[in-house]
Each structure stands twice: as structure tokens, then as C-alpha cells.
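Okay, structure first, notes after.
Only the coordinates and a few stated rules stand behind these numbers; no lab work does. Note that the coordinates shown come from a computational prediction; the quantities given were computed from them, not determined experimentally. Here the Cβ is made from the backbone with ideal geometry for all residues, glycine too, and neighbour counts use every protein chain on show.
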Amino acid sequence: MSSEKSSRSKGTPGRVLAFDFGERRIGVAVGNTYTGTAEPQGTITCKAGTDWDAIKRVILEWDPAQLVIGVPYNTDGSESDMTTKARRFGRRLHGRFNLPVAEVDERDSSVAATSLLVSQRRDGTRRKRLQKEDIDTWAAREILNSFLAQPRSEDNS
């Protein structure tokens, strides 16, 4: 086991880091349970599997107290191969960084992110052409917004 567990603090209270897991890219967003805000932070490219060094850098940079992963289900609610892979990613995050990991149903996160970005492009608030990386990081934001909208006790924030 690496030293990530022993060198990690408990994280900045209220700070949450969300991941939209994919085999090619992982979207990242950061948010706060106290303010209920979430912002996209970019993507991590996965060329030969999950880039754990890049994930470690993001976790060290943001010092979250909580991690959130999007778990994809089929439209009928059934599980898929990606459901299993996302859950395994979540278990590995917890094992490597010793932070709580919450799962959020991410069925519509990419659709919502795409719709938002297309709307921004149409109304002129976004000039940059829409790319897959943009969808992934904004999908992570959608996942985090879903998490932030869930009721939780003060001990579980």
C-alpha cells in the first residue's frame, strides 16, 4: 500500500470532489456541502488504465473531505458492465485515499451536461466548441449537484 493513506488529512470540511468515471476520461468537479455549489475542474485522461497519479494530484490540490462517483445504470435501472467498473473505481478510491466515497446515479448526467453546454453555446456565453472532455467535466458537476441536493446530517457532510 502506498503512503497516500497515512499522509492524508481528513480533508477540508465541506469540500467534495466528484468523478464521472470513464475508461478513456474521468471528469472532475469540486463543490462544497455548505454552499451547495459545484464547479467543473477538467478531465483526467486514461491511456493505459486509471491514472492514479493524476487522481492523487487532484485530491492533494483540493483536499476534499468526501469523494463522489457517478454510477451509471441502464435507462430501465438495471446494472451494466460500466456500473461494476464505476463501483470498483469507487472502492479503489476509498482504499487508496481513505476518504468516504458516495455513489450517485448518473444516468442523465451526460445528457444534462450536453444540453447545458449546447444552450450556453447557442446563447453566446460559451464560445468554445463542445468537446467530449467538456461533457465529462460538466457531467461530474451534474453528479456533484445531485449529491449536494440530497439531504444529509451535519455529521455526514
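Structure values in brief
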| item | result |
| --- | --- |
| Among the listed pairs 10/132; 10/47; 47/85, those beyond 24 Å (Cα-Cα) | 10/132; 10/47 |
| Karplus-derived HN-Hα couplings along segment 44-54 (A = 6.51, B = -1.76, C = 1.60, θ = phi - 60°), whole Hz, x at Gly and Pro | 10, 7, 10, 8, 10, x, 5, 8, 5, 5, 5 |
| Amide H partners (placed H, <5 Å) of residue 71, local residues excluded | 104, 105, 106 |
| Estimated inter-spin distance, residue 103 and residue 10, nm [label 7 Å along Cα→Cβ] | 2.7 |
| Coil-residue chymotrypsin sites (Phe, Trp or Tyr not before Pro) of segment 31-95, DSSP, other Cβ within 10 Å capped at 12 | 34 |
